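Chemist: Have a look at this one before I ask anything.
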Amino acid sequence: MRLQLSPELEAFREEMRTFFTTQVPQEIRDTVAAHRHVSKEQYVETQRVLDAAGLAVPHWPVEWGGRDWTPLQRHIWREEMQLANVPEPLAFNTSMIGPVIAAFGNQEQKERFLPKTANLDIWWCQGFSEPDAGSDLASLRTTAVRDGDDWVVNGQKTWTTLGQHADWIFCLVRTDPGAEKKQRGISLLVFPMDSPGVTLRPIELIDGGFEVNEVFFEDVRVPAENLIGEENRGWDYAKFLLGNERVGIARVGSTKSMLAEAKQHAREVSVGGRPLADDPRMAARIAELENELLALELTALRVAANSADGKPHPASSVLKLRGSELQQAATELLVDIAGPLSLASFADDGSDVPDWARVATPHYLNYRKVSIYGGSNEVQRTIIAGSILGL
Amino acid sequence: MNFDYDSEQDDLREAVRGLLSRAYADSEQRRTVVKTDPGFDEKTWTRLAEMGLLGLPFAEEDGGMGAGPIEVAIVAEEIGRVLAPEPFIETVVLAGGLIAAVGTAEQKGELLGGISEGATIAVFAHAEPGTRWTPTAEGVTATQSGDGWTLTGVKEPVPSGARADVLIVSAAIDGGTGLFLVQGDASGLTRTGYRTHDGTRAANVRFEGTAAVALGAGGDQTAAIERALGEARIAYGHEAIGAMDTALRTTAEYLKTRKQFGVTLNKFQALTFRAADMYVSLELARSTALWASMVQDCGGDVVSAADRARLQVSRAGRHIGKEAIQLHGGIGVTAEYSVGHYTSRLTAIDHLLGDGDWAADRLAATVTSYETVDPLGAPYA
C-alpha cells in the first residue's frame, strides 16, 4: 500500500492541470462554473481543443486516438478536467457509441465514424429509453423491419439528451419481435437525425431548460449498412455501452468544485452580523459533505488503482450511487446558502441578486436527474444486493 | 499509489485470521471468555505475542518487529472481525505508541520489550469523568517530589485498567499535561474494575499521592498525546471495519435463510435495499480508514486524517450496527446471537476516543481555511 502518486503520475497530474486551465477558453470554463447551460458551440470548441491534444478519447483503442493509459491515469485526467470546470467530451460520442463502433463495428464503419466522433464533427444522441422502457430497457417497442436494402424504423424514444443538437442517433430497435427472451431480437442502428420521418420534440424540465427530447420515427428508412455489429445482438452492445457510461460517473471533481464554491458564498452571505460560514451548523454540514466526498474519492481511487485482472472492483458499484447523492447534496447546499436570494431564479441581469444565487434552484432541480439516469439508484442497489451480497 | 496489501501483508492477515478464528470460532467462545476477568484470554494474548504481533510497530532495538501502521491496521481489522477482546490497541497502539514516542531509551527498551513479549500489559489512563476526548488532563495533577512525582485524582473509565501491569497516566502539570508511569502495585493506587456493555473491562483508577515517574524528558506532552490518540483512532477504525464486515455478512446470510410469509427474507426488496446501503457505508468507511493509515505511514497529518476516518467510520458503524439488528428482528437483540454484540462493540468504539459529531465539529472548525480536500496532496501526503 502506498499513498503517494509516483513521480511520473504526479507530473502527469500537473500536465493535465496546466493544460485544462490554460488551453480551454476561460469563458467556457466560467459557464460551467456558473452552472449555466453550455452551448453547442462551446461543447464543440472544447472537444476540438482536447482532440487536437489527444485528450478527447484517451480510453479508445490506440489505433483510433486512444492513449493506452492506466485506469488511474484516466481517473486523474477526468478529475482534473472537472476541477478545472472543463465541459467533458460529449459522453454520447466518447463513452458510448465510439467504443461500441471501435469494438463491434466493421472497418468501413470505424473509418467513417470514429475520427468524426472523437472530434465532435458528428454530434451523437442516444435512442434507448422509451415511454414504457426506462430502467426496464429490454421492454422497448420501437421496431425495424427489413425492406430490401433498408431497415424501416417506427416507434418513439424519449429522454433523448441534447437531441436538439444531434447530427446522428444510435438507436436500439426490435428486429425480431418473436424472440423468446425480450433481451433477444434487439439491434443497434445508427442514422442521421434529419432522415425523413424523424421528428424531435423538446421536453421542458422543471429548471426551465430544454435538454431532453422525445423523438418519433415514422417509416424512417435506414440503409442496411448502418447496422452496428450483428443483427439481434443489440442488447450485448447496450450492456457494453452502459458499462462504460458508469465509468467516471462519480463526478468527484465536479462536486468538489461545487463545495469549494459553496464555501466561498457562505463566507459572503451575512447572517446576524456574521458570515454564514461561521455558523456552526453550516460549518458542520459542509465538513460532513467534504468528508463524504473524500470517502467517495478514495473509493474511486481504490477502484482505479486496482490492477487486478480486468474484472470490475466490487466497490465500483458504490460510485454511481453515492456520486449522484453527493452531487445532489452539493446543489442542495448551494440553494440553502442562497436562501431567499434563490427565489430570483429567472431575474435578468438588472437584478441585484448575484448570478450564483439565481441559478442555484434551477441547478438543484435539474440535478434530481443524476440519481435517475445511467441506471437509477434503485437499479444500483439491486446490483449491489444481487451480485455482491448474493441476495 | 496502491490500496492493495503486498504478499507479506496478505500472509500476515492470513496468519492473524487463522489464530483468531481458532480462538473465537463462534460467538459462544467469546461469551465464555468475556464472562470472567480479565475479560480476555491470557493464552490468546501469549499466542499473539509469540506471533510477534504485540511488538509489531516497535523498533527492533526495543524488542519490536519494526513494522508500520498498515500491519497494525491488518491486525486491528482481524480483531474486529471476531470481536476478539484482547487489549491490542490499548496496549500496543496507545500505551506502546506513547512510550515509543516520548520514552527514554531505557524506558523503551524495558517497557516495549515487555509488551512485545506479552509479559507486560500497559494501558493509557487518560479519560476523566466530566470531560470528553481532549488531549489534556485536569482531574489528575502531578506534583514533583524529590527525584520523582506523585499523582492525585481520578481517571475513569480506563480500559483494562484493573488488569494492567503498568499505567501511562496523563496529569496536569505547570504549563500543560505531562505523561507519567505508574506501576500496578504502587502504594496510593486504587483500581476498581467492571464490565463494559461490549464485554470488555474498564476501571475507576484513583491516585492518592501515588508515586510516579515521568515518561521521557517530562514537560508538556499534549502534542504527543494528540498524535497517539489519532493513531489509536485510526486503528479503532480498522477494528470497526472488521466488525462491520462481519455484521453485514452475517445479516446477508440471515436474509438468505430466514423464511417469513413462506419465502426467504431476501425476496423482500425493502430489505435487500437496506443491506445494499450497509455495503455502501462499509466500503466508503473502509476506503477512508485505509487512506488514514497510509497518511500515517507516509508521515502526513495524522491527527486530521484520523478525524476524517473517525467521522466516516462512526457514521458507518452506527448505520450498519443498527440495521444489522433491525434486519435480524428480535433475535438480533439476544445475547445468544452474535450480531447484537457487534453493534455493542461498534458503539463502544464510538465512545472510546471520539464519536462522529465530535469529529465533525473538529473538522468544521477549520473548514473555511482551505479550498478543497486533496487526499493525495498537502497536508496528507
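Chemist: Roughly speaking, what is the centre-to-centre gap between segment A:168-184 and segment B:243-307 when only Cα atoms are used, to the nearest Å?
Modeler: The distance from the Cα centre of segment A:168-184 to that of segment B:243-307 comes to 39 Å.
Chemist: For a distance above 16 Å, tell me the whole-number percent of Cα pairs in segment A:128-180 that qualify.
Modeler: Cα-Cα pairs in segment A:128-180 separated by more than 16 Å: 47 percent.
Chemist: Pick out, from B:356, A:386, B:16, the residue whose Cα sits farthest towards the positive end of the charge dipole of the protein assembly as shown, with +1 on the Cβ of Lys and Arg and -1 on the Cβ of Asp and Glu.
Modeler: Among B:356, A:386, B:16, the one farthest towards the positive end of the dipole of the protein assembly as shown is A:386.
Chemist: I've got another one for you. As a test of the definition: with a 1.4 Å probe, what buried accessible area, both sides summed, do you compute for A against B, in Å² to the nearest 100?
Modeler: 4500
Chemist: Right, something else. Which three extents, in whole angstrom, do the alpha-carbon atoms of segment B:114-245 cover along their principal axes, largest first?
Modeler: So the extents along the principal axes, rounded to whole Å, are 52, 34, 28.
Chemist: Nothing charged except the Cβ atoms of Lys and Arg (+1) and of Asp and Glu (-1): what's the magnitude of the dipole of segment B:112-214 about its Cα centre? Round to the nearest 20 debye.
Modeler: For this selection, approximately 340 debye.
Chemist: For residue B:6 and residue B:336, calculate 0.36 nm times their separation in residues minus their Cα-Cα distance, and state this gained length in nm to one decimal.
Modeler: 115.0 nm
Chemist: Next up: Which of the lysines could be linked to residue B:155 by a straight reach, that is with a Cα gap under 26 Å, when you skip same-chain ones fewer than 8 residues away?
Modeler: Within reach: B:35, B:108.
Chemist: How long is the gain from residue B:257 to residue B:347 if the chain were fully straight, where each residue apart is worth 0.36 nm and the alpha carbon distance is subtracted?
Modeler: Length gained between residue B:257 and residue B:347: 29.7 nm.
Chemist: Oh, and also: May I ask you to list the trypsin sites (Lys or Arg not before Pro) in segment B:52-141 that are in a DSSP loop and have at most 13 other Cβ atoms within 10 Å of their Cβ?
Modeler: Of the trypsin sites (Lys or Arg not before Pro), the ones in loops of segment B:52-141 whose Cβ has at most 13 other Cβ atoms within 10 Å are B:132.
Chemist: Quick one: putting +1 on the C-beta of Lys and Arg, -1 on the C-beta of Asp and Glu, what dipole do you get for segment A:26-142 around its Cα centre, in Debye to the nearest 20?
Modeler: 60
Chemist: If you don't mind, another one. Which FRET efficiency, nearest 0.05, do residue A:270 and residue B:365 yield, Cβ-Cβ r, R0 30 Å?
Modeler: Step by step, r from the Cβ atoms, then E = 0.90.
Chemist: Looking at chain B as a GNM with Cα springs under 10 Å, which of B:139, B:330, B:161 has the largest mean-square fluctuation?
Modeler: B:330
Chemist: Additional query: Out of all DSSP beta bridges in chain B, what portion is antiparallel? Express it as a percent rounded to 5.
Modeler: Once the DSSP bridges in chain B are tallied, antiparallel ones form about 85 percent.
Chemist: Taking Cα atoms of segment A:124-231, Rg/Rh with Kirkwood Rh, to two decimals?
Modeler: Rounded to two decimals, Rg/Rh equals 0.97.
Chemist: Run the accessible area of chain A with a 1.4 Å probe and give the carbon-and-sulfur part as a rounded percent.
Modeler: Here carbon and sulfur together make up 51 percent of the probe-accessible area.
Chemist: Could you tell me what fraction of 2.2 N^0.38 Å the Cα radius of gyration of chain A comes to, as a two-decimal ratio?
Modeler: Rg over 2.2 N^0.38 Å, computed on Cα atoms: 1.03.
Chemist: Which of the residues in segment A:316-342 show a loss of at least 10 Å² in accessible area from their chain by itself to the complete set of protein chains, at a probe of 1.4 Å?
Modeler: The answer is A:318, A:321, A:322 - residues whose exposure falls by at least 10 Å² when every protein chain is included.
Chemist: Still on this structure: State, to one decimal in nm, how far the label point of residue A:378 lies from the label point of residue A:219, with both points 7 Å from Cα in the Cβ direction.
Modeler: Computed distance between label sites residue A:378 and residue A:219 equals 3.9 nm.
Chemist: Okay, next question. Would you be so kind as to identify which of A:326, A:293, A:373 lies farthest towards the positive end of the dipole of segment A:239-387, taking Lys and Arg as +1 and Asp and Glu as -1 on Cβ and the Cα centre as origin?
Modeler: A:373
Chemist: Would you mind finding the longest exposed-site-free stretch of chain B, with exposed GluC sites (Glu not before Pro) meaning DSSP loop and at most 14 other Cβ atoms within 10 Å?
Modeler: B:139-335
Chemist: So, one more: Give the aspartates and glutamates whose C-alpha is closer than 19 Å to that of residue B:256, dropping any in the same chain fewer than 8 places away, or say none.
Modeler: Within reach: B:245, B:277, B:323.
Chemist: Roughly how large, in nm² to one decimal, is the mean projection of the convex hull of the alpha-carbon atoms in segment B:7-120?
Modeler: 6.6
Chemist: For a 30 Å ceiling on Cα separation, which of these pairs sit above it: A:263/A:311; A:239/A:369; A:116/A:157; A:256/A:311; A:369/B:267; A:182/B:259?
Modeler: A:263/A:311; A:182/B:259
Chemist: Would you mind getting the accessible area per residue of segment A:124-231, heavy atoms of the protein chains only, 1.4 Å probe, in Å²?
Modeler: Per residue, segment A:124-231 has an accessible area of 45 Å².
Chemist: Would you work out the charge dipole size for segment A:13-77 about its Cα centre, treating the Cβ of every Lys and Arg as +1 and the Cβ of every Asp and Glu as -1, and quote it to the nearest 20 debye?
Modeler: 180
Chemist: Quick one: grab Rg to one decimal and Dmax as a whole number for the protein assembly as shown, Cα atoms only, in Å.
Modeler: 30.0, 107
Chemist: With heavy atoms of protein chains only and a 1.4 Å probe, what residues of segment A:1-18 have at least 40 Å² less accessible area in the full set of chains than alone?
Modeler: A:1, A:2, A:3, A:4, A:13
Chemist: Let me ask you something else. Taking H as built 1.01 Å from N, whose amide H comes closer than 5 Å to the amide H of residue A:212, not counting residues under 5 places away?
Modeler: A:162, A:203
Chemist: Per the 1.4 Å probe, what fraction of the accessible area of segment B:124-219, in percent, lies on carbon and sulfur atoms?
Modeler: Ligands and nucleic acids excluded, carbon and sulfur give 51 percent.
Chemist: Helix by helix through chain A, keep the DSSP H runs that span 20 Å or more along the axis on Cα and average at least 0.0 on Kyte-Doolittle, and give those back in order.
Modeler: Length and hydropathy pass: A:280-305, A:316-338.
Chemist: Could you give the radius of gyration (one decimal) and Dmax (whole number) of the Cα atoms in segment A:53-148, in Å?
Modeler: Final numbers for Rg and Dmax: 16.0, 51 Å.
Chemist: Work out the charge dipole of segment B:277-327 with +1 on the Cβ of Lys and Arg and -1 on the Cβ of Asp and Glu about the Cα centre, then indicate which of B:320, B:304, B:294 is farthest towards its positive end.
Modeler: B:320
Chemist: Now for a different question. What length, rounded to one decimal in nm, is gained on full extension from residue A:260 through to residue A:180, with 0.36 nm per residue of separation minus their alpha-carbon distance?
Modeler: That pair, residue A:260 and residue A:180, stretches by 23.5 nm at full extension.
Chemist: Please list the non-local residues whose amide H lies under 5 Å from the amide H of residue B:365, H modeled 1.01 Å from N, same-chain partners needing a gap of 5 or more.
Modeler: none
Chemist: How much mean residue ellipticity at 222 nm does chain A get from its helices, if each DSSP H run of length 4 or more adds -39500 (n - 2.57) and you divide by all residues, to the nearest 500 deg cm²/dmol?
Modeler: My calculation for chain A gives -14000 deg cm²/dmol from helical runs alone.
The values are calculated or read from the model by the stated rules, or taken from the named source; none is laboratory data. Note that the structure is a prediction, hence the values are computed from the model and not measured. Counting neighbours? That spans all protein chains shown, and the Cβs are built from the backbone with ideal geometry, glycine included. Calculation scope for accessible area: heavy atoms of the full protein, side chains included, ligands and nucleic acids excluded. Shrake-Rupley method; radii C 1.70, N 1.55, O 1.52, S 1.80 Å.
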